[in-house]
Amino acid sequence: MEFEYISTPRLKLLKLTPEVYKYIYNNYTDEQLKRFLWLKTDEELAFEKQKYKKGIVTYNYSFTNFQLIEKQTETLIGWCGFHTWVQKHSRAEIGYNLTHDRHKQKGYMSEALKAVIQYGFDEMKLHRIEALVADYNIPSVKLLKNNGFTYEGCLRQHYNVNGKMEDSQMYSLLKHEFNT
């Protein structure tokens with residue numbers, strides 16, 4: 001299988017789809033899986049295998065994610081992509097994460113987010129991208145606002161975080177609002 005990448009000035013974004021997961025889980029050894037998925041322990045691998053075994057898509061939901069690989073060091077620094085992709089309605093929720101604090105406040109996620117949003121609108125034919133974020137996650141709120149997302153409202157007691165129900169702030173970006 002030939003893997004697809006998006007390139008930004010400092011990053012290579014490796015595209016991960018249900019088809020990629022099917023291929024690697026059917027053709028890779030455990031050691032190859034750990035390297036490909038950047039897993040350090042057998043426990044992490046067991047967890048990822050269990051997620052895959054339980055099913056990573058449904059009849060109406062899918063995903064497209066990207067590993068963020070720093071070009072200079074060839075190191076995974078995070079991920080960014082779409083989950084809860086409802087193809088029938090041309091919308092998906094975006095999520096993102098950097099693996100270590102040392103990668104934060106360097107503009108990596110802003111660089112990746114722009115490329116992933118562009119991919120979503122152009123290649124996935126999305127009309128709407130949604131983002132849910134905790135109100136106290138100021139860096140994430142700032143990232144969304146700086147990329148043209150509009151605040152839509154609060155989803156009360158939406159996420160269970162360590163046994164405590166927390167609100168989610170809903171943001172969205174429509175295709176015609178996106179400035180490249």
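The values are calculated or read from the model by the stated rules, or taken from the named source; none is laboratory data. Predicted, not measured: the structure shown is a model, and the values here were computed from it. Here the Cβ positions follow ideal geometry from the backbone for every residue, glycine too, while neighbour counts run over all protein chains shown. Accessible surface is based on the protein model in full, side chains and every heavy atom, while ligands, DNA and RNA are left aside. Shrake-Rupley method; radii C 1.70, N 1.55, O 1.52, S 1.80 Å.
Here are the numbers:
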| quantity | calculated |
| --- | --- |
| Alpha carbon convex hull of region 80-180, volume per residue in cubic angstrom | 108 Å³ |
| Longest to shortest principal axis, alpha-carbon extents of region 124-180, angstrom | 39, 22, 18 |
| Relative contact order of region 47-180, defined on C-alpha pairs under 8 angstrom at six or more residues apart (%) | 17 percent |
| Most mobile listed residue (T17, T29, T84) in the chain, GNM with C-alpha springs under 10 Å | T29 |
| Accessible surface of region 60-133, 1.4 Å probe, proportion on carbon and sulfur as whole % | 46 percent |
| Segment L76-N60, extension gain: residue separation times 0.36 nm, minus the distance between their alpha carbons | 2.8 nm |
| Relative contact order (percent, whole number), region 1-108, Cα cutoff 8 Å, 6+ residue spacing | 23 percent |
| Anisotropy class of region 66-125 from Cα gyration tensor, a/c 1.5 cut | prolate |
| Cα centroid separation - region 139-180 against region 48-108, whole Å | 16 Å |
| Selection of GluC sites (Glu not before Pro), region 41-112, meeting DSSP coil and at most 15 other Cβ within 10 Å | E74 |
| 1.4 Å probe accessible area per residue over region 1-118, in Å² | 60 Å² |
| Distance cut-off 21 Å, percentage of C-alpha pairs in the chain lying past it | 54 percent |
| DSSP bridge orientation in the chain - percent antiparallel, rounded to nearest 5 | 95 percent |
| Inter-label distance for E152 and Y52, nm, one decimal - labels placed 7 Å from Cα along Cα-to-Cβ | 3.3 nm |
